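All of the numbers you see were taken from the coordinates with simple rules; none came from a lab. Predicted model only: the values in this text are computed from it and were never measured. Cβ placement follows ideal geometry from the backbone for every residue including glycine, while neighbour counts extend to all protein chains displayed.
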Amino acid sequence: MTKKERMQAVTERLKQVYPEAVCALHYTHDYELLFATRLSAQCTDARVNIVTEKLFSDFPTLESFAEASEEEIAEDIRSCGLFRTKARDLHACAVMLLRVPDTMEELLRLPGVGRKTANLILGDIFGKPAIVCDTHCIRLSNRLGFVRDEKDPVKVEKALRGLVTPAE
């Protein structure tokens with residue numbers, strides 16, 4: 001069985017086992033998923049969902065985030081850890097955004113947004129082919145033989161992209 005065939009088999013099996021798989025982060029608007037993903041660094045999804053319930057209530061629009069001070073945002077996200085840096089990034093993103101960009105290049109220009117977050121947004125918000133390559137993805141890709149002893153998320157993402165057909 002080739003790597004591509006194995007990838008297709010794994011994808012089909014995951015669809016069978018997890019037919020209703022959805023993102024664990026709660027959001028209503030596209031920028032809310034972007035912000036929740038930024039908050040999830042060094043923090044559990046469960047904690048992020050608790051924090052964002054109040055955060056998105058206190059700042060119900062993108063404009064309200066842009067108009068808020070970093071200190072106001074930081075107060076709401078204090079329990080997420082690294083809250084000062086995250087507050088700075090959320091505020092700077094809000095100021096830059098009239099809309100959440102729909103390309104990898106534009107997303108990567110946003111403060112605090114890396115390939116993992118950009119791929120999540122591209123896939124979940126815009127329905128574009130995307131591979132969220134985190135530690136778990138890297139570990140499984142090595143274990144399933146899709147890559148060999150590779151730790152670099154960009155290299156793993158590119159290798160996996162070569163195994164997935166556009167219809168998937």
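Overview of results
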| item | result |
| --- | --- |
| Residue within the stretch 62-77 that is closer than 30 Å to Lys158 by Cβ, in contact with a Leu (Cβ under 6 Å, 6 or more places away or on another chain) and surrounded by 15 or more Cβ atoms within 10 Å (Cβ to Cβ) present | no |
| Residue within the stretch 89-97 that is hydrophobic (A, V, I, L, M, F, W, C), over 20 Å from Leu25 (Cα atoms) and outside any helix (DSSP H, G or I) present | yes |
| Wholly enclosed helices (runs of 4 or more DSSP H) of the stretch 1-81 bearing at least 2 residues touching a helix residue (DSSP H, G or I) at 6+ places or on another chain (Cβ under 7 Å) and in contact (Cβ under 8 Å) with a residue 40 or more places away in the chain | 30-39 |
| Qualifying residue in the stretch 31-41 (condition: surrounded by 14 or more Cβ atoms within 10 Å (Cβ to Cβ), charged (D, E, K, R) and closer than 26 Å to Val147 by Cα) | no |
| Scope the stretch 124-150; condition within 9 Å of the chain's Cα centre (by Cα) and not acidic (Asp, Glu); matching residues | Val132 |
| Residues satisfying the stated conditions in the stretch 143-158, i.e. assigned to a helix (DSSP H, G or I) and among the acidic types (Asp, Glu) | Glu157 |
